[in-house]
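Input: a single structure, listed below in structure tokens.
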Amino acid sequence: MKSFNVGMVGYKFMGKAHSHAYKDMRMFFPQTAVPKMKLLCGRDVNGVSSAAEQFGWDGYVTDWRDLVSHPEIDIVDINAPSDAHKEIAIAAAKAGKHLFCEKPLALTLADAREMLQVAEEAGVKHMVGFNYRFAPAVQLAKKLVESGRLGDIYHFRAWFLQDWIVDPTFPLVWRLQKEIAGSGAHGDLGAHLIDLAHFLVGEMKEVIGMSETFVKERPMPTEMTGLSAKGSKDAPMGAVTVDDATLFMARFANGALGSFEASRFAPGHRCTNAFEINGSKGSVKFDFERLNELQVFFTSDDEDVQGFRRVLATDPPHAYMDAWWPTGHTIGYEHTFVHEVVELMTAIAEDRQPVPNFYDGVKCQEVLEAVDQSIAERRWVSISDV
Ligand code: SOE
């Protein structure tokens, strides 16, 4: 059995999700090449040492350069905040390491393109963390579209809604600072929707959008981890430099119409990542809050029993489900990362590029940037022009 040594930068929210995936994968996918959890990297020595112990990493370093130049590391996994992606990915590729980078790939389209180019020139494998593709119900939606069972696709309608910053006293965490995050709801949540749209429907031709920052100033944080943060009453205020919500419409190359809504200002929606696809022969509906299910509708059903029905994607032949539990036993958010790592390890072992890879990261970044341009210029923008 092949095995590859992993070095990972970042150990908070995504770091925990990836660590869990490397660990769990060995137990449920024994035929897949093994990820060896060698080195964890973080700037705070106390934080990184206790995370390394808790998550099961062999050791830790506090400078990513030591990880990237380490002769025993085969794969560099980057889940530090977005502003760190480019420098680490480029250094790692030049050192001959395979790359696994969280989304959005970079702060700008130019940076994302450079990352792809350097990775290709270095001849390394590269993967981007669009984990929602790996939910078996999403894979089923893909199968229904690809096999023609939904017919010609007319609509892709998607929304990713959260509510963790509705309170105006919630601190100014890094996700609300443009120089670190690149953008707000757009790049954090909209990026997932754009990738799902590419995966399920195909490329977009043109877009038009609008966005808003509802709370323009927030107290500086005294502590932050994952999506939670603490502030204090007397903390100085700082400017929010990203969007709280971005909405856009798109025309796909195949003629379908798309609508997209990403917002962190939707009370009651803790993490609603949902889409619908309508085609000439039927429709599907997915909602991450019920990630084991796909709602399907076929116009070919007898008229008297037509209606959306719920398919539980928990058993073979649904993707990945032969590896998990006995019939009908559901899986969760963390399993999407396990499947992602299965693809990463399999692709490297088979000497092919994993999917989705930096090319998909760039395609997503093109749409993010075209939407930003359309908002700034108040007009439709062609994807081929960015
Ligand atoms: C925060 O908004 C976040 O954790 C994103 O960063 C993830 O990519 C998304 O899956 C859930 O929400």
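The values are calculated or read from the model by the stated rules, or taken from the named source; none is laboratory data. Quantities reported herein were computed from a predicted structural model and do not represent experimental measurements. Cβ sites come from the backbone with ideal geometry, for glycine too, and all protein chains shown count toward neighbours. The accessibility values were calculated without ligands, DNA or RNA, using every heavy atom of the protein model including side chains. Shrake-Rupley method; radii C 1.70, N 1.55, O 1.52, S 1.80 Å.
For segment 3-131, report the convex hull volume of the alpha-carbon atoms normalised per residue, in Å³, without decimals.
Given the Cα convex hull of segment 3-131, per-residue volume reads 96 Å³.
Enumerate the amide H contacts of TYR154 below 5 Å, restricted to partners 5 or more residues apart or on another chain; note that Pro and chain-start residues carry no placed amide H.
Amide H to amide H, under 5 Å and 5 or more residues apart or across chains, TYR154 pairs with ASN278, GLY279, SER280.
At 1.4 Å probe size, put ARG218, ARG310 in order of accessible surface, largest to smallest.
The ordering from most to least exposed comes out as ARG310, ARG218.
Name the residues whose placed amide hydrogens come within less than 5 Å of the amide hydrogen of LYS205, ignoring near sequence neighbours (fewer than 5 apart) on the same chain.
Here ARG251, PHE252, ALA253 satisfy the definition.
If you take the charge dipole of the chain about its Cα centre, with +1 on Lys and Arg Cβ and -1 on Asp and Glu Cβ, which of MET224, GLN162, GLY184 is farthest toward its positive end?
MET224
Provide the solvent-accessible area of MET224, counting protein heavy atoms only and rolling a 1.4 Å probe, rounded to the nearest 10 Å².
Accessible surface of MET224 is approximately 80 Å².
Treating only the Cβ of Lys, Arg, Asp and Glu as charged (+1, +1, -1, -1), what charge dipole size does the chain show about its Cα centre? Round to the nearest 20 debye.
Taking the Cα centre of the chain as origin, the dipole is about 260 debye.
Out of VAL242, HIS318, VAL61, whose Cα points farthest toward the positive end of the dipole of the chain (charges: +1 Lys, Arg; -1 Asp, Glu; placed on Cβ)?
VAL61
With +1 on each Lys and Arg Cβ and -1 on each Asp and Glu Cβ, and nothing else charged, work out how big the dipole of segment 209-291 is about its Cα centre, in Debye to the nearest 20.
200 debye
How large is the dipole of segment 2-53 about the Cα centre if only Lys and Arg carry +1 and Asp and Glu carry -1, each at its Cβ, rounded to the nearest 20 debye?
That gives segment 2-53 a dipole magnitude of about 140 debye.
So for VAL45, VAL311, VAL173, what's the accessible-area order with a 1.4 Å probe, most first?
Sorted descending by solvent-accessible area, the residues read VAL45, VAL311, VAL173.
Just read off the accessible area of THR327 with the full protein assembly in place, 1.4 Å probe, to the nearest 10 Å².
The accessible area of THR327 comes to roughly 110 Å².
Mind listing the long-range amide H neighbours of VAL311? Cut-off is under 5 Å, sequence gap 5 or more, other chains count too, H placed in the peptide plane at 1.01 Å from N.
Long-range HN contacts for VAL311: LEU294, GLN295, VAL296.
Report the net charge of residues surrounding ASN131, where surrounding means a beta-carbon distance below 11 angstrom and charges are Lys +1, Arg +1, Asp -1, Glu -1.
So the surrounding residues net to -3.
Using +1 at the Cβ of each Lys and Arg and -1 at the Cβ of each Asp and Glu in the chain, identify which of SER3, HIS198, VAL367 lies farthest towards the dipole's positive end.
Sorting the options by dipole projection puts first SER3.
Using the Cβ atoms and a cut-off under 13 Å, what net charge is assigned to the surroundings of ALA21, where Lys and Arg are +1 and Asp and Glu are -1?
Residues close to ALA21 contribute a combined charge of -3.
Tally Lys/Arg at +1 and Asp/Glu at -1 over every other residue whose Cβ is under 12 Å from the Cβ of ILE375; what's the total?
Cβ neighbours under 12 Å give a net charge of -3.
Considering only protein heavy atoms, what is the solvent-accessible area of MET237 at a probe of 1.4 Å, reported in Å² to the nearest 10?
Probe radius 1.4 Å; accessible area of MET237 about 100 Å².
Give the percent of DSSP beta bridges with both residues in the chain that are antiparallel, rounded to the nearest 5.
In the chain, approximately 60 percent of DSSP beta bridges are antiparallel ones.
Using every pair of alpha-carbon atoms in the chain, split the distances into 20 Å bins beginning at 0 and state the percent of pairs per bin, rounded to integers.
27, 59, 13, 0
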